[in-house]
Amino acid sequence: MSEIEDKNEEKIIEAFKEKDWNEIRVNDSWVIFKIMGEFVNGFEKMSKIGPCVSIFGSARTRPDSRYYELAVEIALKLTKQGFGIISGGGPGIMEAANKGAHQGGGKSVGLNIDLPFEQQANPYIDKDKNLEFDYFFVRKVMFVKYSQGFIVLPGGFGTLDEFFEALTLIQTLKIGKFPIVLVGSEYWAGLIDWIQKTVLEKEHNISATDMNLFKVVDTADDAVKIIVDFYTKYTLKPNF
């Protein structure tokens, strides 16, 4: 059995263990304060940073990948337009985003998540802007609340989670609309085709206008242009 499978089995066994009421109450109270602490720390630090764009993508992307190089270029060009860069703080595309911000002399923010295996802070995050989180949902609030746009490069489940979270919040009017840009038409083609043909046209689970909530591009210049053009009409501000 692999180490991951061992961890999963431990979690399942722990979930089904009988606990008395006092044990539940004490544990839940501690979790509540821990969550509050992450929110307070995140709000305090992020509120001082200013306009930023979040860049998402796989932690597994290698430095010799064209998507890694593209993320560096996008981040660098965004910093030249006055935006800071927020990433998930880890390796791969996240590292590339912080590297581009660092090269451009812009603010470089990392929202790191404590994971048992692959996540470690990359070296391009500003020392005073490296935040650590235990809870994914707290971290996601920071991405949305303090970003003026999302740039989404090829990634896995975590990247898709951030993408669909933003779409849901905008679609349901829980936050104001901001630009969401998918980079890499070849990579995203299958997903977009499924959303268009199955989710929209066959099952009618979204509206036709929802397809306008994101754009797809292949170059750094096009990605940056969408962000910059959007804010020629709107005042930069937090999304909550």
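Would you pick out the residues in the range 116-148 that are within 18 Å of Ile49 (Cα to Cα), crowded, with 21+ Cβ neighbours inside 10 Å and of a type in the set (S, T, N, Q)? Listed by number, the residues that qualify are Ser147, Gln148. Can you tell me which residue within the range 149-201, out of those that are within 22 Å of Leu111 (Cα to Cα) and aromatic (Phe, Trp, Tyr), is surrounded by the most Cβ atoms within 10 Å (Cβ to Cβ)? Among residues in the range 149-201 that are within 22 Å of Leu111 (Cα to Cα) and aromatic (Phe, Trp, Tyr), the one surrounded by the most Cβ atoms within 10 Å (Cβ to Cβ) is Phe150. Residue count for the range 165-205, restricted to those that are within 24 Å of Lys225 (Cβ to Cβ) and acidic (Asp, Glu): 1.
Report whether or not Leu236 is hydrophobic (A, V, I, L, M, F, W, C) and modelled with pLDDT under 95. It is true that Leu236 is hydrophobic (A, V, I, L, M, F, W, C) and modelled with pLDDT under 95. Checked against the criteria, Lys99 counts as crowded, with 20+ Cβ neighbours inside 10 Å, among the basic types (Lys, Arg) and touching a Leu at 6+ places or on another chain (Cβ under 9 Å).
Close Cβ contacts (under 6 Å, 6 or more residues apart or on different chains) running from residues in the range 31-43 that are closer than 14 Å to Lys145 by Cα and among the hydroxyl-bearing types (Ser, Thr, Tyr) to residues that are assigned to a helix (DSSP H, G or I) and modelled with pLDDT under 95 are absent. Being among the hydrophobic types (A, V, I, L, M, F, W, C), touching a residue at least 60 places away in the same chain (Cβ under 8 Å) and over 25 Å from Glu73 (Cα atoms) is a property that does not hold for Val152.
Going through the range 102-122 one residue at a time, which ones are more than 16 Å from the chain's Cα centre (by Cα) and at pLDDT 95 or above? Within the range 102-122, His102, Gln103, Gly104, Gly105, Gly106, Lys107 qualify.
Take Thr198 and tell me if it is among the β-branched types (Val, Ile, Thr), at pLDDT 95 or above, over 23 Å from Gly57 (Cβ atoms) and under 20 Å from the mean Cα position of the chain (by Cα). For Thr198, the condition - among the β-branched types (Val, Ile, Thr), at pLDDT 95 or above, over 23 Å from Gly57 (Cβ atoms) and under 20 Å from the mean Cα position of the chain (by Cα) - is not met.
How many residues does the range 49-83 hold that are without any contact (Cβ under 8 Å) to a residue 40 or more places away in the chain and more than 13 Å from Ile151 (Cβ to Cβ)? Summing the residues that are without any contact (Cβ under 8 Å) to a residue 40 or more places away in the chain and more than 13 Å from Ile151 (Cβ to Cβ) in the range 49-83 gives 9.
The values are calculated or read from the model by the stated rules, or taken from the named source; none is laboratory data. Please read these numbers as outputs of a predicted model, since none were measured by experiment. Glycine gets a Cβ as well: all are built from the backbone with ideal geometry, and neighbour counts include every protein chain shown.
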